[in-house]
Amino acid sequence: MKRKLQLLVTLSLCLFAWSQNSFSQTVNVDASAAWVGYANVFDLSGTVYQFGQAWGVADLKTVIDVPSNTLTLYPNYNTYNATDTYWANGAIGNKIFEGDTYVENAALAGNTVTFNGYCSSNTISSAYQNFAFIKALDPANGYATVVSVTAPLVTGQNFTITAPSIPTGLIVQYGFTVKGLNANPATQSTSLGNIVVGPAHLNTASFDSATAFKMYPNPASDKLTIESSNSIDSLSFYSLVGQEVLTVFPSSAVSVVDVSSLESGMYIVKTQSNGSVTSEKFIKK
C-alpha cells in the first residue's frame with residue numbers, strides 16, 4: 001500500500017510539472033496592448049550601472065500608433081539637459097541610456113512563449129543597440145533576470161523569439177530595447193533615425209506554384225477561406241509546438257473554416273490536396 005501511494009504521489013508530481021511547462025503561448029506586436037516603459041542608466045562606458053526605474057513610454061520617445069498598429073522607437077532625448085552635468089557635458093549626452101518599451105504579463109509564466117513581429121524600417125544610428133526581447137524576472141529575488149532572449153530588428157524582415165518553458169512565478173516581459181548615448185534633441189533628433197515595428201507580415205493571399213493554393217484573410221479572427229486548384233482533402237491546424245488543434249475535411253476546392261475557437265497566435269496550416277501537402281503560416285487575431 002505504501003509503495004502504491006509513493007507511485008501515485010510521484011506520478012502526480014510528474015503530471016503537475018508537465019502541465020506547468022507543456023503549453024505554448026504566442027504573442028504578437030499589437031499597438032493597442034498595455035505598453036509600459038523602463039529606463040536603465042549607465043556611465044559612458046556602458047558597463048557601470050547607475051540606476052533603473054519605470055519611465056513613461058512617451059518620455060522614452062516611443063510613438064504608439066494604434067490605427068496603423070505600429071510602434072516607432074527613437075534614441076532617447078528625454079534625459080538630455082545641457083545645464084545638468086549629470087546628463088550632458090554641454091554638447092552631447094553624458095550617460096548611456098537604455099530605454100525598454102514592453103508588455104508585461106505574469107500569466108505567461110509556466111509556458112513556452114513566442115514573440116512575433118515585423119520591422120518595416122530600421123534607420124537608427126549604428127551607435128545604438130536595438131533588439132526585440134523576451135525576459136522573465138524573479139520577484140522573489142530582487143527581480144533578477146532569469147530568462148533573456150533577443151532578436152535583431154532588420155528592415156523588411158519578420159522576427160520570432162521563443163523562450164522555452166519559462167518557470168512559474170516569474171514576471172514575463174516582451175518588447176524592445178534601444179540603448180546608447182542620451183541624445184541632444186537640438187542637434188540630433190533627425191540624424192539618429194528610428195525603428196518602426198508592427199505585427200508579423202504574412203501575405204493576405206498565399207500561393208503555392210504547384211497547387212495554386214491561397215488562404216485569406218491572414219490574419220483572421222473569425223472565418224478563414226482556403227482555396228485550391230484541386231479538391232481539398234483535409235486541412236489541419238498545428239500550434240508552433242506541433243500540436244494538432246483543428247482538422248476539417250472539405251472535399252471541395254474552396255473551404256471556409258471557422259477559426260473563432262482558436263487562441264490568438266500563429267499556426268501552421270497543412271493542406272492535403274490531390275496527393276500533395278502544402279504548409280502555410282496563419283495568424284489568429
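Annotations for the structure displayed:
- Residue match in the stretch 244-254 (condition: among the acidic types (Asp, Glu) and under 12 Å from Ile226 (Cα atoms)): no
- Total residues in the stretch 29-49, condition touching a residue at least 40 places away in the same chain (Cβ under 8 Å) and in a loop (DSSP other than H, G, I, E, B): 9
- When Gln173 is tested against the conditions (1) more than 25 Å from Lys281 (Cα to Cα); (2) touching an Asp or Glu at 6+ places or on another chain (Cβ under 6 Å), the lone failure is (1).
- Filtered residue count, the stretch 62-78, keeping only those that are part of a loop (DSSP other than H, G, I, E, B) and open to solvent by 70 Å² or more (accessible area, probe 1.4 Å): 2
- If the condition is being over 26 Å from Tyr118 (Cα atoms) and among the charged types (D, E, K, R), then the stretch 245-285 contributes only Asp258.
The values are calculated or read from the model by the stated rules, or taken from the named source; none is laboratory data. These figures come from a predicted structure and were not determined experimentally. When we count neighbours, we look across all protein chains shown, and the Cβ atoms used for this are built from the backbone with ideal geometry, even at glycine. SASA here: full protein model, heavy atoms, side chains in, ligands and nucleic acids out. Shrake-Rupley method; radii C 1.70, N 1.55, O 1.52, S 1.80 Å.
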